[in-house]
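Only one structure is covered here, and it is reproduced in the block below.
The values are calculated or read from the model by the stated rules, or taken from the named source; none is laboratory data. Because the structure is a prediction, the values reported are computed rather than measured. Methodologically, a virtual Cβ is constructed for each residue, glycine included, from the backbone with ideal geometry; neighbour enumeration extends over all protein chains shown.
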Amino acid sequence: MAKKLLIVDDEADVREFASNFFRKRKINCITAPSGEEALKEIEKEKPDLVLLDITMHGIDGVETLRRIREINQDVKVIMVTGRKPEEENAFEKCRQLGVSDYIHKPLKMDELESVVLKELASK
């Protein structure tokens, strides 16, 4: 059975590019434009892995992660960020909520592919 990847980003081009990239690698991709939509998809689709942008309109990635943990403690989450680690303690908050890894923007597709495939393989 194909693994499911949920891509959460408020930038449509990022969602589209990443989902096309991973679909070509036979990974079932679901996308969400917001934290609110991501929470609905987590309950409905039960993804194996979530790529979650930290900075989004509405509820941000850190709050979305906190709510994801209320729904599913086991889903793996990789945070996507353009922030520096010291900004707003976001990294520490995410670490406490059990993130698997971080990817920094601008996205480097070889790094993204490596991290995502590693996490999916360990599921």
Report task. Just give me the residues in the range 101-123 being out of contact with any Asp or Glu (no Cβ under 8 Å at 6 or more places or on another chain), surrounded by 14 or more Cβ atoms within 10 Å (Cβ to Cβ) and not in a helix (DSSP H, G or I), in sequence order. Result -> Tyr102, His104, Lys105, Leu107
Report task. Filter the range 4-20 down to residues that are of a type in the set (A, V, I, L, M, F, W, C) and in a helix (DSSP H, G or I), then give me how many there are. Result -> 4
Query raised in the report: Is it true that Ile42 is among the β-branched types (Val, Ile, Thr) and part of a strand (DSSP E or B)?
Result: no
Query raised in the report: Going by the structure shown, is Arg69 in a loop (DSSP other than H, G, I, E, B), surrounded by fewer than 17 Cβ atoms within 10 Å (Cβ to Cβ) and at negative phi?
Result: no
Query - Every residue from the range 1-22 that is touching a helix residue (DSSP H, G or I) at 6+ places or on another chain (Cβ under 6 Å) and touching a residue at least 60 places away in the same chain (Cβ under 8 Å) - result: Lys3, Leu5, Asp9
Query raised in the report: Any idea which of (1) charged (D, E, K, R); (2) surrounded by fewer than 16 Cβ atoms within 10 Å (Cβ to Cβ); (3) closer than 14 Å to Leu6 by Cα is the one Asp48 doesn't satisfy?
Result: (2)
Query raised in the report: Can you tell me which of Val77, Val14, Val62 is closer than 19 Å to Leu120 by Cα and crowded, with 16+ Cβ neighbours inside 10 Å?
Result: Val77
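Residue by residue, here is whether (1) at pLDDT 95 or above; (2) assigned to a loop (DSSP other than H, G, I, E, B); (3) among the charged types (D, E, K, R) holds:
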{"residue": "Ala2", "(1), (2), (3)": "no, yes, no"}
{"residue": "Phe22", "(1), (2), (3)": "yes, no, no"}
{"residue": "Leu52", "(1), (2), (3)": "yes, no, no"}
{"residue": "Leu65", "(1), (2), (3)": "yes, no, no"}
{"residue": "Met79", "(1), (2), (3)": "no, no, no"}
{"residue": "Phe91", "(1), (2), (3)": "no, no, no"}
{"residue": "Val99", "(1), (2), (3)": "no, yes, no"}
Query raised in the report: Is it fair to say Lys84 is over 23 Å from Lys40 (Cβ atoms), modelled with pLDDT of 90 or more and of a type in the set (Lys, Arg)?
Result: no
